[in-house]
Amino acid sequence: MPVGREQIRGIDVDAEGRCAHYHTELDVVANRCTLCGEFWACHECHAELAGHPFGRVGEGVPAVMCGVCGLIMDHATYVAASCCPSCGHAFNPRCLLHAHKYFQPKG
Ligand SMILES: [Zn+2]
Ligand SMILES: [Zn+2]
Ligand SMILES: [Zn+2]
């Protein structure tokens, strides 16, 4: 892992945050769990390794990390971006289908 960025936990995680479950070119985003405070490659990695439910984050909390450059975003910034605002790597739009696993509902 490069110095100066958070480590991404999970199963078979590569240098850019892909894992055994999500490993296409676009699957480079990691999410932080509020219970353990760690960044995880995906919710399935967390379910298999963490031993507790994923601690979903609220609005405005910087908890989404680009696995390529290490930029950490809040949910709104991530949702609005189709690619990383820092390094320009494209994000997988299908990740948003799982947003309820990582983020508390609005309101
Ligand atoms: Zn956790
Ligand atoms: Zn995974
Ligand atoms: Zn990036």
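The values are calculated or read from the model by the stated rules, or taken from the named source; none is laboratory data. This structure is a prediction, so every number in the text was calculated from the model and none was measured. Backbone-built Cβ (ideal geometry, glycine too); neighbour counts: all protein chains shown. Heads up: the accessible areas ignore ligands, DNA and RNA and are worked out on the full protein's heavy atoms, side chains in. Shrake-Rupley method; radii C 1.70, N 1.55, O 1.52, S 1.80 Å.
Gain in length, GLU59 to LEU26, computed as 0.36 nm per residue apart minus the alpha-carbon separation, to one decimal in nm? Intermediate values should be presented prior to the final figure.
On the way: separation 33, 0.36 × 33 = 11.88 nm, distance 2.39 nm.
My answer for the length gained is 9.5 nm.
Rounded to the nearest 20 debye, what is the charge dipole size of the chain about its Cα centre when +1 sits on each Lys and Arg Cβ and -1 on each Asp and Glu Cβ?
Magnitude of the dipole: close to 280 debye.
Between segment 27-65 and segment 68-107, what is the separation of their alpha carbon centroids in Å?
Answer, in whole Å: 12.
So what is the accessible area of segment 8-102 per residue, in Å², with the probe set to 1.4 Å?
For segment 8-102, the per-residue accessible area is 48 Å².
What figure, in Å² to the nearest 10, do you get for the accessible area of HIS23 with a 1.4 Å probe and non-protein molecules left out?
120 Å²
In nm, give the distance between the simple-model label positions of ALA81 and LYS101, each being 7 Å from the Cα along the Cα-to-Cβ direction.
Between ALA81 and LYS101, the label points sit 2.1 nm apart.
Net charge near GLY60, counting Lys/Arg +1 and Asp/Glu -1 over other residues with Cβ under 15 Å of its Cβ?
Details: positive: ARG32, ARG56, LYS106; negative: GLU59, ASP74.
Once all neighbours under 15 Å are counted, the net charge is +1.
From the C-alpha coordinates alone, can you work out the Kirkwood hydrodynamic radius of the chain, in Å?
Answer for the chain: a Kirkwood hydrodynamic radius of 13.5 Å.
Where the accessible area of the chain is counted over protein heavy atoms with a 1.4 Å probe, how much of it, in %, is carbon and sulfur?
The nonpolar share, carbon plus sulfur, comes to 53 percent.
Tell me the mean residue ellipticity at 222 nm calculated for the chain from its helices only (DSSP H runs of n ≥ 4, each -39500 (n - 2.57), averaged over every residue, nearest 500).
That comes out to -3500 deg cm²/dmol.
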